[in-house]
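Values in this text are rule-based calculations from the coordinates and carry no lab data. These figures come from a predicted structure and were not determined experimentally. No Cβ is skipped: glycine too gets one built from the backbone with ideal geometry, and neighbour counts run over all protein chains shown.
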Amino acid sequence: MKGKGGAPKNPREVATAILNALPETTAIDGTPTLAGPGFINIKLSSAFLSNRLQTMITQGAGTWAPSLPYKRAVVDFSSPNVAKEMHVGHLRSTIIGDTIARTLEFCGVDTLRINHVGDWGTQFGMLIQHIAETRPGGLQGTTTEEVADLQALYKASKKRFDDEEDFKARAREAVTRLQSGDPEFLETWKRICEASRNEFDAIYQRLDVQILWRGESWYNPRLTPLVEELIERGIAEESEGAMVITVEGQKTPLMIRKSDGGYGYGTTDMATLNQRIHDEKGEWLIYVTDEGQSGHFKLVFGAGKRAGIIPAEKPPRIDHVGFGLVLGQDGKRIRTRDSGAAVRLVELLDEAKARCETSIKERQEATIERGGEELSAEELDNISSVMGYGAVKYADLKNNRSTNYKFNFDEMLDLKGNTAVYMLYAHARIAGIIRKGKKDVAEVAKTAHISLDHASERALALHIVRFTEMLEDTLVELAPNRITEYVYELSNYFNTFYQACKVLGEKEEDSRLLLCEATAMIMRQCFQLLGIKPLYRI
Ligand code: ARG
C-alpha cells in the first residue's frame with residue numbers, strides 16, 4: 001500500500017525503499033537485510049573502517065566533527081554572584097557550560113562564552129553602606145585590597161541588614177543612590193566587583209575555562225528603552241503597580257518592572273535575549289543554570305516569542321540547560337563540616353589535588369623500589385592538578401545533568417571505576433606502548449594498512465568511528481555524559497583488544513600501532529571536550 005503520491009506508508013516500506021535505493025558501495029560487506037518492524041542491518045566493511053581510521057590519523061580528529069547548521073552560538077554559563085562565594089552549584093554550570101562550548105567550537109561554531117555575573121543586585125546597597133559606616137576612610141579611602149575578604153564583608157553587613165531596622169533603610173537608600181549613578185557609590189561598587197573577579201578568575205584559570213565577563217549591570221542602559229517599548233506595544237501590562245508580561249500556559253507572568261520602578265532578573269533576561277539574537281546574531285542561545293530556574297526561562301522564552309524578540313520566522317535554537325544539585329554523603333545539599341555553609345569551590349579543588357598527590361607519591365615509592373624513574377617535583381605537581389581537577393570535572397559530567405549527584409572523593413579518584421583518573425592512566429598506557437614502538441606513527445599511517453582481522457580489533461575500530469555520531473547525540477540532548485560514556489567504553493574496547501592482541505614485535509605491529517594511535521587521538525579529543533588535559537606518562 002502506498003500513501004499519497006506513491007510515498008511509502010509504514011516503516012517496513014520505508015526501509016525497503018531505502019534498501020532498494022542504496023548505491024553500490026565498498027563501505028558495506030555482503031547484502032543489507034531488512035529486519036523486524038523496519039530495521040536495516042548492514043555490515044560495515046573492514047576496508048571502510050580502516051580507511052576512516054587512517055585518514056583520521058593523518059588529517060586529525062577535527063575532520064570528524066559533525067557539521068552544524070549554526071554559525072554562531074551564545075553560551076551563558078558559570079555566572080556566579082559578586083560578593084558571594086562561588087559554590088558547587090556554579091561549579092556545575094561552569095563545567096557543563098564549558099564542555100558544551102568546547103563541543104560547539106570543535107564543530108566550527110563561533111561561540112560567545114558569557115559570564116552573566118550577578119553584579120547588580122540589592123546586596124550592593126548593604127555592602128556599600130556598611131563600608132561607608134565602618135571603614136575609617138569611608139568610601140573614598142577604601143581600596144580593592146580592603147574589600148578582598150568579601151565573604152566576611154557580606155556576612156557582617158547581612159547580619160546588620162537583618163538585625164538593624166535603620167541600617168536596612170539606609171542600605172535600601174544606598175541601592176537607589178548606586179543605581180542612579182552616584183560616583184562615589186559606583187567607585188566602591190567597582191572595587192567590590194574587581195575583588196570578586198580576582199577570586200573567580202583564579203578558579204577559571206585552575207579549571208582552564210575561558211569566559212567573557214558580561215554581568216547583569218552591562219545590560220543596564222538597555223533596560224528602560226526595552227521596557228518602555230514593550231509597554232507601548234501593549235505586550236506588557238500593569239498588575240498591582242508592576243509591569244508584567246503574561247505567557248500562555250504559564251501560571252505566573254514575567255515581571256519586567258517592579259512596583260517601585262526597579263528592574264529585576266526577568267527584565268535583564270529579556271535584554272539578554274534581545275541583545276544575543278539581534279546584536280550578537282546568535283543562531284543558538286544556551287543558558288546553563290540549576291534546574292530550579294527552568295520556570296524563569298520558560299517565562300522569558302515565552303515572553304520573548306510574544307514580543308517578537310524571538311522572530312517567528314527562522315527563530316534561533318534556544319535552550320535552557322538545567323542541572324541537578326550536588327549532594328553530600330548524607331544525601332543533602334553539600335555543606336562544610338564545621339560551619340554548615342555552602343562548600344567553597346577552591347577547597348574542593350585543593351582537596352582533590354592534595355589527595356591525588358598523596359596517592360601518586362605512594363605509587364611512586366613502589367616504582368622507585370622496582371628501579372623505576374622518579375618524577376620531578378614539577379611533574380608531580382602538574383600530574384596532581386591535571387588528575388585532581390580532571391576528576392572533579394569528570395565526576396560531574398558523567399552524570400545525567402538533570403539528576404542530583406553525591407560528591408564523593410573516594411569514588412571520583414578511583415583507579416578502576418569510570419573516572420578521570422582511570423581514563424588518564426589508560427591514555428598514558430597507550431602512549432607508553434606507542435613510545436616503546438619507537439616509530440613515527442604519522443609516517444607509518446601514510447603507508448601501512450590497518451587490518452582488522454581479530455574481532456576485538458574490529459569492535460574497537462567500530463566504536464572509534466562512532467565518535468561523530470556520539471557528538472551529534474551530545475548536542476541534540478546537550479548531554480556531556482554522552483562523551484564520558486563514549487570515552488569509558490572506548491577504554492574498555494581498547495583493553496579487550498590489548499588483552500587479545502599483542503602489539504609490539506608481531507607481524508601486525510604497524511597495523512596495531514595505528515589502532516593504538518587512533519584510540520589515543522580520539523581519547524585526547526574527548527578529554528579536550530571535557531576540559532581535561534592528557535597525560536603521556538604517569
Ligand atoms: N547568577 C545566577 C545564579 O547564580 C545565574 C545567571 C544565569 N544566567 C542568566 N542569564 N540568567 O543563579
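Annotations
- Computed over neighbours whose Cβ is under 9 Å from that of Lys439, the net charge equals -3, Lys and Arg +1, Asp and Glu -1.
- In range of the label at Glu351: residues from region 70-94 whose backbone nitrogen is under 13 Å from the point 7 Å along Cα→Cβ: 88
- Note on the chain: antiparallel DSSP beta bridges, both residues inside, total approximately 40 percent of the bridges counted.
- Annotation for region 50-150: GluC sites (Glu not before Pro) lying in DSSP loop with at most 12 further Cβ atoms inside 10 Å of their Cβ do not exist.
- Taking 0.36 nm per residue of sequence separation and removing the Cα-Cα distance, the Glu13/Glu173 pair yields an extension gain of 50.4 nm.
- Using the Cα coordinates of the chain, the gyration tensor eigenvalues translate into equivalent-ellipsoid semi-axes of 49, 34, 18 Å, sorted from longest to shortest.
- Surface/4 of the Cα convex hull for region 122-207, nm²: 5.7
- The residues packed around Lys502, meaning those with a beta-carbon under 15 Å from its beta-carbon, carry a net charge of -2 if Lys and Arg are +1 and Asp and Glu are -1.
- Taking amide H as placed 1.01 Å from N in the peptide plane, the amide H of Leu325 sits under 5 Å from that of Asn404, Tyr405, each at least 5 places away or on another chain.
- Sorted ascending by nearby beta carbons within 10 Å, beginning with the fewest, Ile42, Ile192 become Ile42, Ile192.
- Centre separation in Å (Cα based) which lies between region 121-186 and region 420-481: 56
- In region 24-131, the trypsin sites (Lys or Arg not before Pro) that fall in loop regions by DSSP, at most 12 other Cβ within 10 Å: Lys71
- The trypsin sites (Lys or Arg not before Pro) of region 191-269 that DSSP puts in a loop, and whose beta carbon has at most 16 other beta carbons within 10 Å, are Arg233, Lys251, Lys258.
- Estimated vicinal HN-Hα couplings, Hz - region 515-522 in sequence order (Karplus 6.51, -1.76, 1.60; Gly, Pro = x): 5, 4, 4, 4, 4, 5, 5, 5
- With respect to the chain, whose longest principal axis is taken over its alpha-carbon atoms, helix 11-21 is tilted by about 60°.
- Cα gyration tensor shape for region 462-519, rounded if a/c is under 1.5, else prolate or oblate: prolate
- Summing Lys and Arg as +1 and Asp and Glu as -1 over all other residues whose Cβ lies under 11 Å from the Cβ of Thr246 gives a net charge of 0.
- Spin-label zone in region 502-538 - amide nitrogen under 17 Å from a point set 7 Å from the Cα of Gln364 along the C-beta vector: 535-538
- Ordering Ser511, Cys193, Pro534 by Cα displacement along the dipole of the chain toward the positive end leaves Ser511 in first place; charges were set at the Cβ atoms of Lys, Arg (+1) and Asp, Glu (-1).
- Alpha carbon centroid spacing (whole Å) that separates region 195-262 from region 286-316: 12
- Tilt relative to the chain, helix 377-397 - C-alpha long axis, 0 to 90 degrees, to 10: 80
- Tilt relative to the chain, helix 88-106 - C-alpha long axis, 0 to 90 degrees, to 10: 50
- Straight-line cross-link partners of Lys436 among the lysines, defined as a Cα under 19 Å from its Cα and at least 8 positions apart when in the same chain: Lys502, Lys507.
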